[in-house]
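K.L.:
Right, I'll just put the structure down here and ask away after.
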Amino acid sequence: MKNLFILGFILLSTGLLARPTQDSLLLKIDKRNQEIIGNPSNSKKSLKEELQAIFTKNGLVLEDSLWQSIRKAVQADSDKDTSIVVGIGGKNVTIKLHQTGFNGTKSFSSTKTISAGSPSSNDKQVEVGLKGIHVKEGNEEVHVGWNGVQVKEGNEVTRVIWGKDSTKVQAKDRNFYQRKGLNLYLGLNGTSGNLPAVSIAQFPAPLLSTDFALKPMGSRYVGLEIARAIRLSSGKNSRFNLGYGIQFDWYNFMFDHNRIIQKGNDAVIFQPIINGNGGETVLTKNKMTVSYVTLPIMPHWTYSKESAVQMIGLGGYVSYRLDSYTKAIEDKTENLHKTSSNLFVNQIRYGVRAEFALKHFPDLFFSYDLSPLFEKGKGPDVQAFSFGFRLL
């Protein structure tokens, strides 16, 4: 492995592939005309037949795998000259492919005839192209490209990126908090705003001040986010990043009464289920659920994982409503009442969010909708909020 790695760097830095060694066979191919440059017997033969004749003359066999590599390189849509070097029986065969001939002249050279023998699986195979240099020996491979070096041994792959010491950079990054990946938000939600007073002289009243009374532990918020981050600035002890991503989230408003929210002609109303005795049916569950797809934007500062405070984020979000529905279950009969409706809920939602990451404690979040939950004049003037934990 070490020898392969060194060989890749030597080939890249010195250009030894461009010089035929003493025991080597050098072939030059005109890509445009698909013929051997300088071969006097190429008038009626195909390129493959020419190569086979030259290989046979030198006691070699043109393997199908090598021919396919040459054929692919010849047909490649590139105006750059390329080379293919393959080791056969411990000797080098260098094949240079020129776009329009070799400096306007055609010449053929062979420095020394190679002894007969087929390539073995342990021979070094070297390929040079626009993507860099590729060296293969058995099950070990080294690729030296413009962006770094890749070493493959069996199923194990090691990459080294040009520039800073990649091992040190990665280790340094691991010491800082990372806000990216798949995040799960779990918490509670509620509403705030102006609720109507009891001023309607009818029964049942369409809207009461108690209609948005919620069960605190039953009103739950769930969000699932795929997060990414761009580093904007970096200091010794902190970094400033721009977080973004996509999120799916759900508000569950669990009402603490027996009146079901419904879509009326002009606005939402709350109505009970009247039983046979003329009274309200008791409900064990009475909720409204609204789901959104959300685009969060979260500028945030990150600190060392050893710090007490590891991340502070202050940002916002814009959401599009996907669905909204009501669900109620009667106490005695367990009859289910479920209705899907827009309920005059605003199609677009936007708000602000704060996040905090503390050492030895789950991450915290708080979100507050700046947009009202319902369309103007179609329901109570309330905004939704949520808070809880963000789990990585």
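The values are calculated or read from the model by the stated rules, or taken from the named source; none is laboratory data. In this text the structure is predicted, and so the values were computed from the model without any measurement. When we count neighbours, we look across all protein chains shown, and the Cβ atoms used for this are built from the backbone with ideal geometry, even at glycine. Note: areas computed on protein heavy atoms with side chains; ligands, DNA, RNA excluded. Shrake-Rupley method; radii C 1.70, N 1.55, O 1.52, S 1.80 Å.
K.L.:
Let me spell it out: the conditions are (1) assigned to a strand (DSSP E or B); (2) at pLDDT below 95; (3) open to solvent by less than 30 Å² (accessible area, probe 1.4 Å), and His337 meets all of them except one. Which number is the exception?
P.N.:
(3)
K.L.:
Just for the stretch 373-390: of the residues that are in a strand (DSSP E or B) and open to solvent by 70 Å² or more (accessible area, probe 1.4 Å), which one is modelled with the lowest pLDDT?
P.N.:
Within the stretch 373-390, the match that is modelled with the lowest pLDDT is Asp381.
K.L.:
Please tell me if Val293 is free of Cβ contacts under 8 Å to residues at least 40 places away in the same chain, in contact with a Leu (Cβ under 9 Å, 6 or more places away or on another chain), closer than 30 Å to Ser341 by Cβ and of a type in the set (A, V, I, L, M).
P.N.:
Here the answer is no, as Val293 does not meet what is asked.
K.L.:
If you check Lys332 against the conditions, is it more than 19 Å from Gln262 (Cβ to Cβ), more than 28 Å from the chain's Cα centre (by Cα) and of a type in the set (Lys, Arg)?
P.N.:
Yes; evaluated as a whole, the condition is true for this residue.
K.L.:
Moving on to the next point. Among the listed residues Val198, Val282, which satisfies the condition of being open to solvent by 40 Å² or more (accessible area, probe 1.4 Å), over 28 Å from Tyr320 (Cα atoms) and modelled with pLDDT of 90 or more?
P.N.:
The unique qualifying residue is Val282.
K.L.:
Are there any pairs, at least 6 apart or on different chains, whose C-beta atoms fall under 6 Å, with the first in the stretch 367-392 and closer than 25 Å to Gly313 by Cβ and the second among the acidic types (Asp, Glu) and crowded, with 20+ Cβ neighbours inside 10 Å, and if so, which?
P.N.:
Partner pairs satisfying both residue conditions: Gln383/Asp369; Ala384/Asp369; Arg390/Asp363.
K.L.:
Restricting the stretch 347-356 to residues that are open to solvent by 60 Å² or more (accessible area, probe 1.4 Å) and part of a strand (DSSP E or B), which is nearest to Ser291 (Cα to Cα)?
P.N.:
Ile348
K.L.:
Now for a different question. Just wondering, is there one or more residues in the stretch 268-276 that are small (Gly, Ala, Ser), at pLDDT below 95 and loosely packed, with under 15 Cβ neighbours inside 10 Å?
P.N.:
Yes: one or more hits.
K.L.:
Which one is most open to solvent (accessible area, probe 1.4 Å) among residues in the stretch 123-171 that are hydrophobic (A, V, I, L, M, F, W, C) and modelled with pLDDT of 70 or more?
P.N.:
Val128
K.L.:
In addition: Within the stretch 357-371, which residues are closer than 18 Å to Leu295 by Cα, assigned to a loop (DSSP other than H, G, I, E, B) and either modelled with pLDDT under 95 or of a type outside the set (Gly, Ala, Ser) (or both)?
P.N.:
Selection gives Leu370 alone.
K.L.:
Of all residues in the stretch 357-372, which are out of contact with any Lys or Arg (no Cβ under 8 Å at 6 or more places or on another chain) and either of a type in the set (Asp, Glu) or crowded, with 17+ Cβ neighbours inside 10 Å (or both)?
P.N.:
Correct list: Pro372 only.
K.L.:
May I pose another question? Tally the residues that are among the β-branched types (Val, Ile, Thr) and either at positive phi or surrounded by 15 or more Cβ atoms within 10 Å (Cβ to Cβ) (or both), restricting the search to the stretch 234-267.
P.N.:
Adding up the residues that qualify gives 2.
K.L.:
Among the residues of the stretch 295-318, write down those that are open to solvent by 50 Å² or more (accessible area, probe 1.4 Å) and within 23 Å of Ile348 (Cβ to Cβ).
P.N.:
Scanning the stretch 295-318 gives Leu295, Ile297, Leu314, Val318.
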